[in-house]
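Beneath this line is the structure, given in structure tokens, with notes to follow.
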Amino acid sequence: MPSLKEIKTRIQSVRSTRKITSAMMMIASSKLRKIQKIIENLYPYQQKLQQLMELFVNSQDNLVSPFAEQRQIKRVALILFSSNTSLAGRFNENVITQLKATINEYLFLGKENIHIYAIGDKVHEAARKLGFETPNNFRHIADKPSYEATRQLASDLMDLFLNKKIDKVELIYHHYKSKSTQELLRETFLPITLMTEDERWKIPQPDYIVEPDPQTIMDHSFLKH
């Protein structure tokens, strides 16, 4: 049976641990409120921007885009987002589980034809354990996201797709709904999907003028690459 001194020492240790845990919770709550406010402000903008882009692209007759080319999948790129640290419940575990399932779907291509871009240390470590090398120059996005970093990642992937070094690009990430609800999503980034002629008739016609015209934009895109 433990002595009175040992019991008192144990009680003091538990109290100290509780104070540290409480401080960590306060810091985490503060960071969460800050990020939540940013998401709530940006999400409506992102939704409207995506809606406008889809409306613009799909309202153009005979629009041809190299980014919409559907071809046989020989090489695929997977972009996954996780945190850099633990203590995130099933947040990272869900992403890693989906990573494994997606890799299994594409194993017939050969591991050398599956390219993984890990945003966050946890998914980066999981990919390495599965025998995949991931670029290091985008890992910091999970800790310090920025427009320039994400633009560079998107630009690199678009170049690879245009040069037919990659035939499909998929995103795997959590969509934030609330503090208690995060939905794991798997979406195709490239190729983009254009509506059929019958589907275009069902959407409202845009009441704005685009400058320059779509063909000029496409010609400029080809000249750049």
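Laboratory data are not the source of any read-out in this text; all were calculated from the coordinates shown. Predicted model, so just to flag it, every value in this text is computed and none were measured. Glycine gets a Cβ as well: all are built from the backbone with ideal geometry, and neighbour counts include every protein chain shown.
Tabulated results
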{"quantity": "Around Glu93: net Lys/Arg minus Asp/Glu count, Cβ-Cβ under 13 Å", "calculated": "+2"}
{"quantity": "Potential extension, Tyr45-Val14 segment - 0.36 nm per residue separation minus Cα distance", "calculated": "6.5 nm"}
